[in-house]
1. Collect the residues in region C:203-227 that are within 30 Å of C:Glu247 (Cβ to Cβ) and either without any contact (Cβ under 8 Å) to a residue 24 or more places away in the chain or in contact with a Pro (Cβ under 9 Å, 6 or more places away or on another chain) (or both), keeping them in residue-number order.
2. Return the pairs, sorted by first residue and then second, in which the second residue is in a helix (DSSP H, G or I) and among the acidic types (Asp, Glu), the first residue lies in region B:1-19 and is closer than 22 Å to A:Ala153 by Cα, the beta carbons are less than 6 Å apart, and the residues are 6+ apart or on different chains.
3. Tell me which residues, restricted to region B:14-36, are more than 9 Å from chain C (Cβ to nearest Cβ), surrounded by fewer than 24 Cβ atoms within 10 Å (Cβ to Cβ) and of a type outside the set (A, V, I, L, M).
4. Collect the residues in region C:202-213 that are under 20 Å from C:Ser174 (Cα atoms) and outside any loop (DSSP other than H, G, I, E, B), keeping them in residue-number order.
5. Looking at C:Thr147, C:Thr139 in this structure, which one is of a type outside the set (Gly, Ala, Ser) and at pLDDT below 95?
6. Looking at C:Pro256 and the list (1) surrounded by fewer than 19 Cβ atoms within 10 Å (Cβ to Cβ); (2) farther than 16 Å from C:Arg162 by Cβ; (3) at pLDDT 95 or above, which single condition is not satisfied?
7. Looking only at region C:149-168, count every residue that is assigned to a loop (DSSP other than H, G, I, E, B), within 22 Å of the chain's Cα centre (by Cα) and crowded, with 24+ Cβ neighbours inside 10 Å and tell me the total.
Amino acid sequence: MIEIRIHGRGGQGNVVAAYVLATAAIAQGRFAQAFPSFGAERRGAPVAAFVRIAETPIRRRCQVTHPTFVIIQDEALAALPETLAGLAPGGAVIINSQRDSQALSDTFGSTIYALPATQLSHEALGRPMPNTALLAAFLTLTQLVPIAGLKGALAPRFSGDVLAHNLQLIDQVAAATPDGLWKERAHAPSA
Amino acid sequence: MPQALEGSQAIAHAVALCRPQVVAAYPITPQTHIVERIAKFIADGKLRCELVSVESEFSAASVVLGAACAGSRAYTATASQGILLMTEVLYNISGLRVPLVMTCANRAVSAPLSIWNDQQDSMAVRDAGWIQLYCADNQAAVDMTIQAFRIAERCELPVMVCVDGFTLTHTLEPLEVPSQELVDKFLPPYRFARALDPLAPLSMGTLVAPEYFTEARHLHHEALLAAEQEIVAAAEDWGALCGRKQSPLVEVDGPADAKIGILTLGSVFGTLLDARDQVPGPPVKLMHLRCFRPFPVAALRAACAGLHDLIVLERAIAPGADGAVGAEVRSALAETGKPPRVHNFAVGLGGRDVPLSIYAHLLQAITKPHPRMSAIDLRPEVLPADLPTHQETRR
Amino acid sequence: MTLSTLHDLRTAQPRFQGLESGHRACQGCGQALAARLALEAAGPDVVVANATGCLEVFTTAWPQSAWRVAWLHSVFANVGAVAAGMESALKMQGRDTKVLAFAGDGGTFDIGFQALSGLLERRHNVLFICYDNEAYMNTGVQRSSSTPHAATTTTSPAGVARMGKRHLKKDILSIIAAHHIPYVATASIAYPVDLRKKVRRAIEVDGPSFLQIHSPCPLGWGHGSELSIEVARLAVQSGVFPLIELEQGVLIGAMPIREIRPVTDYLKLQGRFKHLFTDDQRAREELAHLQALADQNIEAYALQGGPPDAQDTEGADTVRRGGLRFM
């Protein structure tokens, strides 16, 4: 079972990202589970969402405390202890940031891949919605689910130009991300 | 083919498949997504149903009561504060023996104010005369909702399907949603024998003097007890039709010769199943109480046969007394030959996450003295430093 | 310095901030601004009963609170009754601290309606303030009876078969007016001086008073958080939300609109009305209908004002040191 935790702020599509990831895995015939941790509904508040993907039915309902992967949609949250808490020893982090991946890895002492998802989404979608770009990079790095699966999972949620631009953004980011760099980590089971 | 669905959405699908003609609801976290999805079905012309967006839960229950009495299949969903606000009407509905189905998206009850998952709300109305069923996971929520309509209509008793708020309602996972054809085979059109009809006028809700009241109440009590059979039959029939084995009144997972058992209600069951796999130790029977009303005495006794220790782990607390479930379990087992020691704990109150480590923690806890009823996941460091001490009965 | 008396509190703060910053409202929240303005005008000698909704949720995540006034939240339906109880107690104790009831449109128009009517009917000395954001926002934008018709909410979504909410916004003012209470008014966050003035007027009433404050919700209405005040202003200037005052149920004042704006100027800024701007006959009909409703308000309340006047400014700041009770 692979466990992923996504940190972001309300309004950044945090929960949608988790749902989309799980949906893509389910479309492949695998088992997956995605759910948010909740505060009152409001924009701007830190929110976390959890994803599990496995080859057998997932029965547990607890929050993910030892993620193999952490996705950070708002880099200010990286400074909060709960964001990286419990990251598995072979784990890795993908972060929405304009800073350099190596510099961030050194600062936080974890394997971190950074991409400027806000800027990329602003250019491609006309609004700062970093989730699609981050997921595209995440799946390219881990090969956890094929990129086509991500695209398929977006189709029911978006349509017209919004969908088209999201798909283009996915392709753009996937092309610019090292393919399979975290593939081994993705196939080592979590706690 | 399983679909990726949030629990709430899947429940909405299940409700829509049962062809309700009237849905009335008032928004309350975490039930909202269920009703929103139903609203969308109607707005898109996919469901022919009157959605009454009422001014309060009290009215929601009243609207579905009126609808059911007037001859339409009706549905509502609520939680927490909402179920308490409609309590007067809940007793009224069951006392009038009106078939209805409600989803209770289990949530803690104010005060303190909480929007998160526990089962205080459905436990608060356990004596309202409704059938109460608990879902261990979202597939069960789908399947039980469909069965609920049939059970309600055959027994002329309202059915409350309890689904852990957020923990289940807002979790997306692969779920099988049956076809309309299959559901139509299982669930015939709504037929209420005492429906209000100008051609055969009846008076419902009359004043009943002491000379008749006891018998009316007796019939209600008997009907609830007898409902066990319908609940079992519905599970078998639906299981045969959909190809998914439905859980019995008390689901048991574990070796028959286990001496320790853990009984719980709702989604915590899944966490315990995974936790047990990870922890080597004595054989433990994990049990899920799927049916709480009527209270399945026989099934519980059978499930607990041979146990030395039974942990009752509930997501509720009856302040000043034993746990709501614990008290009834103790009572049901008291008269068996060699009842197990019952250890009653509350867990996950107000939505506190129940981690895998709870399993080992429980097995540890029963080896030492502990209160008759307490929260197993208490954080003493958060308590005020100067607490008054009190006498308590320790096991 | 210990703040042991209300006098100390007054001295320490030149402008009374009953709702302190640092709460968790969304950016651009109309309710937060309205509540702050109301308490500035009301001053510290109040007790507040607050119904369930966004306002109480974003201000009191235990162990923190953003309120500097005495404040109680009970449940959703009962703020009218809770306020009545507070007022009865204070009256028995011979204290003249003013009781305020705060509720959203849910706690006023719908679930809280019964208790509100009782409060007014029994003539309790309470100022009831409705922060009207026109839907159940805290639970995720479900429709209330205050939702304008044709607006999209999650329980009145626009779709193939529907054009958003089917029913008209409940005419709460007529209902309140029918209770013939001393003072009823509408206000808007876009006109803060007018709002504060009305709060002070209401506080002076010895008896029930009611204030409906139009409070845009960027998330629920679908507009940028920087547009809340502009959207509120357009609601007033198009006649959709007239600013009026009633005494004993009779109209005694209305804020005139010098340059009346078409309703579409107001609607087009909001995502909840975007389905009305498609090429659909039903959409066109709804737009005409909404314009007609605004026109009706303009006529009924004689809102058409005179030409622009350099001396008519809402900018004159008349906030004094926390309301009339502490002059």
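1. C:Val205, C:Asp206, C:Gly207, C:Pro208, C:Ser209
2. From region B:1-19, no pairs qualify.
3. The answer is B:Cys18, B:Arg19, B:Gln21.
4. Scanning region C:202-213 gives C:Ala202, C:Ser209, C:Phe210, C:Leu211, C:Gln212, C:Ile213.
5. Details: C:Thr147 fails: at pLDDT below 95.
Every option except C:Thr139 fails the conditions.
6. Result: C:Pro256 fails condition (3) only.
7. Adding up the residues that qualify gives 4.
Okay, residues lined up against (1) in contact with a Leu (Cβ under 6 Å, 6 or more places away or on another chain); (2) of a type outside the set (A, V, I, L, M, F, W, C); (3) not in a loop (DSSP other than H, G, I, E, B):
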position	(1), (2), (3)
B:Gly320	no, yes, no
B:Glu328	no, yes, yes
B:Ser331	no, yes, yes
B:Lys338	no, yes, no
B:Asn344	no, yes, yes
B:Val354	no, no, no
B:His361	no, yes, yes
B:Asp377	no, yes, no
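The values are calculated or read from the model by the stated rules, or taken from the named source; none is laboratory data. What you see is a predicted model, and the numbers here were worked out from it, not measured in a lab. Every residue, glycine among them, receives a Cβ derived from its backbone with ideal geometry; neighbour counts consider all protein chains shown.
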